[in-house]
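K.L.:
Here it is, the structure in full.
The values are calculated or read from the model by the stated rules, or taken from the named source; none is laboratory data. Source: prediction; values computed, not measured. Methodologically, a virtual Cβ is constructed for each residue, glycine included, from the backbone with ideal geometry; neighbour enumeration extends over all protein chains shown.
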Amino acid sequence: MAKKSEHIENDEKYKALAVNKGIAQPPIINPYRTKRMQRKHYSVDEYVQGILGGDISILSQAVTLIESSRHEHQLIAQQVIEQCLPHAGNARRIGITGVPGAGKSSFIETMGMYITNQGSKLAVLAIDPSSERSKGSILGDKTRMEELSVNPKAFIRPSPSAGSLGGVARKTRETIVLCEAAGFDTIFVETVGVGQSEIAVHSMVDFFLLIQLAGTGDELQGIKRGIMEMADGIIINKADGNNLNKAKLARVQFQNALHLFPIPDSGWFPQVLTCSSIEKTGIPEVWDMVEEYIKYTKTNSYFMTKRSRQAKYWMYETINETLKENFYNDEAIQHLLAENERKVLNSEISSFVAAKNMLDYYFGKK
């Protein structure tokens with residue numbers, strides 16, 4: 001008779017059947033992968049030493065702390081930033097914007113390979129738009145920049161906008177500090193190319209580059225006063241093949257349009273150049289323009305004046321952001337908010353009265 005622990009089919013009376021015992025099922029999660037996924041937790045001093053030593057892994061983890069919404073992570077991140085601050089400030093900060101499809105990622109890769117071949121170390125900070133529905137973000141810049149992403153002299157860090165551009169912009173500025181402390185002498189900040197992102201990025205860079213296209217219809221549609229006035233340089237990308245003559249014509253149109261604007265505070269008159277990221281033409285000229293601008297503004301002292309103005313701006317922006325977070329995270333305010341929202345929707349009080357009630361209560365508590 002077969003034992004209870006064995007298959008009954010193995011009993012002698014079932015000679016035509018034979019069922020083997022089998023093997024134990026392996027675990028669903030690879031135990032070796034679990035071990036690899038466990039990250040080491042560093043102290044503030046270890047973070048700082050790693051960053052100053054150029055350790056990309058520690059730099060990446062420090063940036064993750066900056067982007068984290070957890071209070072304990074923010075405390076560590078701010079201490080790391082404070083200690084890295086004396087070692088920052090020596091890089092060229094360049095903002096890059098343009099409509100979706102203008103070829104920003106292709107341009108950054110081509111330009112990045114060009115300047116790293118000249119001995120520079122480049123950090124690319126890209127703000128990726130997040131879905132308003134799922135709050136997710138593709139973060140695909142490393143995929144688009146295949147060659148640059150494996151360059152040992154380059155560091156690419158995409159960040160989701162997550163619906164709060166002001167908060168992400170502030171964290172991007174803090175990331176710049178860490179990248180400069182890690183030895184990167186050139187910082188590219190790529191905008192999402194929509195909404196108010198250009199203004200936020202303009203307030204943290206030395207040179208603001210606008211990428212435009214030709215041959216997409218009425219080129220004058222791309223001449224918007226606000227963004228044009230912020231640009232220190234304009235390039236007409238994809239100036240190759242059948243599009244070359246159109247790019248040259250667009251260059252003249254943009255250059256003429258710039259004469260209608262007042263001279264910037266820097267005293268620098270923005271240049272308009274053409275280039276092709278695919279054929280790698282016009283890239284050295286674009287970089288020469290950037291270096292010429294930085295040299296010019298350092299000579300007339302505008303460079304440091306602008307950085308001082310930006311530091312002051314971000315102090316106030318941080319105050320505003322912190323006050324906003326503190327207000328909405330207050331438990332009493334959250335309950336009061338629901339009550340006042342109900343009254344507003346029922347037309348019992350106006351929106352302005354509801355806001356005043358909550359603010360009076362909040363500041364009264366303080």
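K.L.:
Can you find a residue in the stretch 251-270 that is at pLDDT 90 or above, of a type in the set (Ser, Thr, Tyr) and more than 22 Å from Ile294 (Cβ to Cβ)?
P.N.:
Within the stretch 251-270, none of the residues are at pLDDT 90 or above, of a type in the set (Ser, Thr, Tyr) and more than 22 Å from Ile294 (Cβ to Cβ).
K.L.:
Now for a separate question. Can you tell which of Val272, Val286, Val290 is in contact with a Lys or Arg (Cβ under 6 Å, 6 or more places away or on another chain), not charged (D, E, K, R) and not in a loop (DSSP other than H, G, I, E, B)?
P.N.:
Val272
K.L.:
Sticking with this structure for a sec: Search the stretch 48-63 for residues that are over 12 Å from Cys84 (Cβ atoms) and pair each with any residue that is loosely packed, with under 14 Cβ neighbours inside 10 Å and of a type in the set (Lys, Arg) when their beta-carbon atoms are under 8 Å apart and the residues are at least 6 apart or on different chains.
P.N.:
From the stretch 48-63, the pairs are Gln61/Arg39.
K.L.:
So for the stretch 42-55 (the condition being closer than 13 Å to Glu180 by Cβ, outside any loop (DSSP other than H, G, I, E, B) and not polar (S, T, N, Q)), does at least one residue qualify?
P.N.:
yes
K.L.:
Right, something else. Could we say that Asp288 is surrounded by fewer than 19 Cβ atoms within 10 Å (Cβ to Cβ) and in contact with a helix residue (DSSP H, G or I) (Cβ under 8 Å, 6 or more places away or on another chain) here?
P.N.:
So Asp288 fails the test.
K.L.:
Something else: When you go through (1) surrounded by fewer than 22 Cβ atoms within 10 Å (Cβ to Cβ); (2) under 20 Å from Met111 (Cβ atoms); (3) at pLDDT below 95 one by one for Ser277, which number turns out not to apply?
P.N.:
(1)
K.L.:
Look at the stretch 151-171 and say how many of its residues are of a type in the set (S, T, N, Q) and modelled with pLDDT of 65 or more.
P.N.:
Qualifying residue count for the region: 2.
K.L.:
Has the stretch 289-305 got at least one residue that is on the phi > 0 side of the Ramachandran plot, free of Cβ contacts under 8 Å to residues at least 12 places away in the same chain and out of contact with any Gly (no Cβ under 7 Å at 6 or more places or on another chain)?
P.N.:
yes
K.L.:
Looking at the stretch 82-99 only, could you name the residues that are surrounded by fewer than 21 Cβ atoms within 10 Å (Cβ to Cβ) and part of a helix (DSSP H, G or I)?
P.N.:
Glu82, Gln83, Leu85, Pro86, His87
K.L.:
Mind counting the residues in the stretch 219-244 that are assigned to a loop (DSSP other than H, G, I, E, B) and at pLDDT 80 or above?
P.N.:
Selection size over the stretch 219-244: 6.
K.L.:
Continuing with this model, one more query. Does Thr322 fit the bill of being within 30 Å of Ile199 (Cα to Cα), outside the structural domain of Asp232 (by TED's automatic domain parsing), exposed (fewer than 12 other Cβ atoms within 10 Å of the Cβ) and out of contact with any His (no Cβ under 7 Å at 6 or more places or on another chain)?
P.N.:
So Thr322 passes the test.
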